[in-house]
Amino acid sequence: IGKIGIIGAMDSEISRYLKEIDQANTTVIQGITYYEGTLCQVPVVICKSGVGKVNAAICTQLLVDRFQVESVIFTGVAGAVHPELEIGDIVISTSCQQHDLDASPLGFARGTIPFQETSVFPADTQLISWAQEASQWIEGAKVFTGKVLSGDQFISDVGTVRNLREEFDGYCVEMEGAAVAHVCYLSGVPYVVIRSMSDRADHSAQVNFIEFTELAAERSFLMVTHMLTHL
Ligand code: ADE
C-alpha cells in the first residue's frame, strides 16, 4: 500500500492524528493545511477539509493531484440512521451517496445526479475488508458496513431519518463522504469512509453531537490506526 490520504472535516476529527503523526511536514494550499509524515509506519497525508461537500471535494482533489495519495480514508463522526446503531458505534462505507441532490421535478430519482451514470460511489473492497478486520480490536462498539449518506445539512429530525433509511438504505448521515467518494471515483483512487456515531440525527442530535463528538472521533481514530497497524 502506498501513501494514504486521511481526511476529517473538523479539528476534533483530526486532532488525535496530529498528535501521533511522525516527521510532519506541513503545506498550506487554498487554506487547507496538509500534514505529511508517517502514522503507524505508513506514509500518510492528514488534513482537515472543513465541513460540507464542496470543502471535502476540493480537499480530496488536492490530496490526489498535489500529494499523489494512492488511497483515501475519511475519518470522523456521523448521525446514526440504521435503527440498531447506537452512539459510539461505527459504520464502514460500502458506498456513498448525496441524499440532498434532488432533480425529481425533472423525473430524476432523488439522490441521483442527472445525466450521470454513477451516483452511488462504491468504496474499495480491499480497504473495506481491512477496516472490518480492524474492528476486532474495537471494544464496546458494534461495527456495521453499509451505505453512507451525505448532504449539506445537519439532520435532527426522525422523519428525515426514516426517509433516509427507507429511500436510500442509509446506515448513517454526514456532510462530506459522498463528495470524497465522487472525487476518488473520477480520479480512480480507492477510498473508504469510517465514521463513529455522535448522535442519532433526531431531536437530541444537537446536544448529543456536542457531548459525544470527542468519543466518536476517538473510535474512528482507533479503527483507522488499527487498520494501518495490521496492513
Ligand atoms: N454529523 C454528525 N451528526 C450529523 C447529523 N445529525 N447530520 C449531519 N451530519 C452529522
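The values are calculated or read from the model by the stated rules, or taken from the named source; none is laboratory data. Being a predicted model, the structure only gives us computed values, none of them experimental. Note: ideal-geometry Cβ built from the backbone for every residue, glycine included; neighbour counts use all protein chains shown. Ligands, DNA and RNA are excluded from the accessible area calculation, which covers all protein heavy atoms including side chains. Shrake-Rupley method; radii C 1.70, N 1.55, O 1.52, S 1.80 Å.
With the whole protein complex present, LYS19 retains an accessible surface near 150 Å², based on a 1.4 Å probe. Projecting the Cα positions of LEU231, ALA141, SER198 onto the charge dipole of the stretch 91-231 (unit charges on Cβ atoms of Lys, Arg, Asp and Glu, taken about the Cα centre) puts LEU231 furthest along the positive direction. Could you tell me how far the Cα centroid of the stretch 127-205 sits from the Cα centroid of the stretch 54-91, in Å? Rounded to whole Å, the Cα centres lie 8 Å apart.
Taking all protein chains as shown and a probe of 1.4 angstrom, THR38 keeps an accessible surface of around 40 Å².
Judged by the ratio a/c of the largest to the smallest principal axis of the C-alpha gyration tensor, the stretch 42-109 counts as oblate, that ratio being 1.5 or greater while a/b is no larger than b/c.
Counting only GluC sites (Glu not before Pro) that sit in a DSSP loop (anything but H, G, I, E, B) with at most 15 other Cβ atoms within 10 Å, what is the longest stretch of the chain containing none of them? With GluC sites (Glu not before Pro) excluded where exposed in loops, the chain gives 140-231 as its longest stretch. For the chain, hydrophobic long helices are taken as DSSP H runs at least 24 Å long by C-alpha position along their axis with mean Kyte-Doolittle hydropathy of 0.0 or more; these are 205-229.
Counting only DSSP beta bridges whose two residues both lie in the chain, roughly 40 percent are antiparallel.
Compactness check for the stretch 72-133: Cα Rg over 2.2 N^0.38 Å is 1.37. Plainly put, the chain has a radius of gyration that is 0.95 times its Kirkwood radius, both from alpha-carbon atoms, as the Rg/Rh ratio. Ordering TYR17, VAL45, THR60 by the projection of their Cα atoms onto the charge dipole of the stretch 1-77, which places +1 on the Cβ of Lys and Arg and -1 on the Cβ of Asp and Glu, puts THR60 at the extreme positive end.
Rounded to the nearest 20, the size of the Cβ-charge dipole of the chain about its Cα centre is 320 debye, with Lys and Arg at +1 and Asp and Glu at -1.
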